[in-house]
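Engineer: Shown below is the structure under consideration.
The values are calculated or read from the model by the stated rules, or taken from the named source; none is laboratory data. If you're wondering where the values come from, they're calculated on a predicted model, not measured in any experiment. FYI the Cβ positions are ideal-geometry reconstructions off the backbone, even for glycines, and counts take in every protein chain you see. For the accessible areas, the whole protein counts, side chains as well, though only heavy atoms, and no ligand, DNA or RNA atoms are used. Shrake-Rupley method; radii C 1.70, N 1.55, O 1.52, S 1.80 Å.
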Amino acid sequence: MKIFRMLGRGIRDAFKSVFRNFSLSLASISCITITLVIVAVSIIASFNVENFTKEIESDLTIVVFLENDATQEDADKVTQKIKEIKNVDSYKFQGKEEVKEEMSKESDVFKSLMAEWSKEDNPLKDTYQIKVKDAKQIGKTAKTIKEIEKVSLVRYGEGMVEKLVKAFSSIEKVSYGVVIALILVTIFLIINTIKLTIFSRKREISIMRLVGASNFSIKTPFIIEGMFLGLIGSILPVVLTTFGYLTFYNHFGGYLFTELIELIKPEPFIYQTSGIIVIIGILVGMIGSASAVRKYLKV
């Protein structure tokens, strides 16, 4: 029960302290708000970059052509072999007659030319369109498919696809690195701002020690105060994140410049991002206060 009384008293003292030292509290809140806004923008940008790269990678396709003399039995065997490859996510088989029909629909010239082809005269090949689970392994998967009996040709954009996947991987790493760097800078700035706030009350803490207050009872109000400052400082970034991203998404119709770059749908993305911002604000406020009390005031 004693610990609950101490926590209750700590919460009460923390709230009083915020308003009693309003100018210093306002400086801490402003610092938290500005840095968290930057972090929020970076998180939104990095998640959208990741989403864009995954969408592009999911569209990468391996096209497989069977030999002209491949029978239905051969196609069934090839299908079974493709199913056994772990990196294959999905596949679509098209017989040569189906390919002929599709091409005929694309052009009147093709239609006129192909109308004279009988089933036996059709020079086209049975094909597979294959999607992979891991785009980084697409080259290895294509090589495995090429070794299957009755497979004539395999195409997936060799060379260009590997460069594209490598570029996307680098972009993802850079975006995550920027977010982590900004979070670390945020922690540094907020901690130092809160340290200044608490250092200005060194006399207050010295008096508390003189009257016999325990380290826990001295630290608790300051840690709760830091948590409270972090929570208040995260309110504006959360509002800007929620309404800003909704406005941005609706203005561009869910796409950025082109339909190839699809933005993440606002819900539940904005709520998840807001939660991350609030957690960062609270944790950094608590860490900053605890660090200041322990290190600078030697409690």
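Engineer: By average Cβ neighbour count within 10 Å, what is the ranking of 169-175, 40-46, 133-139 from highest down? Intermediate results must be reported in sequence, preceding the final value.
Structural biologist: Values: 169-175: 13.7, 40-46: 19.4, 133-139: 17.3.
Order by mean packing, descending: 40-46, 133-139, 169-175.
Engineer: Which order do you get for GLU84, GLU97 if you rank them by accessible area with a 1.4 Å probe, largest at the top?
Structural biologist: On the way: GLU84 115, GLU97 55 Å².
Largest to smallest exposure gives the sequence GLU84, GLU97.
Engineer: Here's something else I'd like to know. Rounded, prolate or oblate: which fits segment 239-286 when a ≥ b ≥ c are the square roots of the eigenvalues of the alpha-carbon gyration tensor, with rounded for a/c under 1.5 and prolate only if a/b beats b/c?
Structural biologist: Prolate, because a/c is 1.5 or more and a/b exceeds b/c.
Engineer: Sticking with this structure for a sec: Can you tell me which of 28-38, 236-246 comes out highest on packing, and rank the rest after it, using the mean Cβ neighbours within 10 Å? Before the final figure, lay out each step's value.
Structural biologist: Values: 28-38: 21.6, 236-246: 17.7.
Sorting 28-38, 236-246 by mean packing, highest first, produces 28-38, 236-246.
Engineer: Residues with beta-carbon under 11 Å from that of SER46, excluding SER46: net charge, scoring Lys, Arg +1 and Asp, Glu -1? Please report the intermediate quantities before stating the final value.
Structural biologist: Working: positive: LYS173; negative: GLU50, GLU172.
It works out to a net charge of -1.
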